[in-house]
Amino acid sequence: MNLKFRTIPEKRDIQSVRDIVVSTGFFYDHEVEIAVELVVERLNLGEVTDYYFVFAEVDGVTAAYSCFGPITMSQTSYDLYWIATHNDFRGKGIGKKLLEETFNQARKMGCKIIIAETSGLPHYAPTRGFYDSTDFILEARLKDFYAEGDDKLFYTKRIG
């Protein structure tokens, strides 16, 4: 497997991100559109958006991506907005390598703490397992945040 990373979004990433996020089966249609909108906004406005990306390519095919950025009013904390691997490429360690490269890029920008949010629904157990396996710490739970019985979980990792 020939894995390469790149950090500059390209027009083709609009469709790549859509395909990746849809393939996971985890996200609602409106969430897919938000993921795509972040790429479009970055392409149109540049780094002023504070949306940064890492794309993982396997033999020239975009297999996974992350989107992250600084949190307003924090000097050293960043949000991990998205990390997703196309279903055809899951289970090959790409997500963990992508996450490590995301940490490397964020560190260069001054990040010391990265925060990931997810749902507490059983459907998201693989996502929580991914964060657990990459040494994130579950820092907080907001009960019934998304809906009755659907908690919002905050995972953190100190990277700097």
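A short reminder: the numbers here are calculations on the coordinates, not readings from a lab. Because the structure is a prediction, the values reported are computed rather than measured. Every residue, glycine as well, gets a Cβ built from its backbone with ideal geometry; the counts of neighbours run over all protein chains shown.
Rg and Dmax, both from the Cα atoms of segment 1-82 and both in Å, are 12.9, 41. Comparing mean-square fluctuations of Leu138, Leu121, Leu38 from a GNM of the chain with C-alpha springs under 10 Å, the top value falls on Leu121. Relative to one another, the C-alpha centroids of segment 128-160 and segment 9-40 are positioned 22 Å apart. From helices alone, the chain scores -11000 deg cm²/dmol at 222 nm; the rule is -39500 (n - 2.57) for each run of n ≥ 4 DSSP H residues, then divide by the residue total. Remark: for residue pairs Lys4/Lys152; Lys96/Lys157; Lys108/Lys157, the C-alpha separation exceeds 22 Å in Lys4/Lys152.
For Val32, the shell of other residues with beta-carbons less than 11 Å away shows a net charge of -4, using +1 for Lys and Arg and -1 for Asp and Glu.
In square nanometres and to one decimal, what's the mean projected area of the convex hull around the Cα atoms of segment 2-160?
9.1
Between the beta carbons of Ala147 and Asn87, assuming R0 = 22 Å, the FRET efficiency works out to 0.30 to the nearest 0.05.
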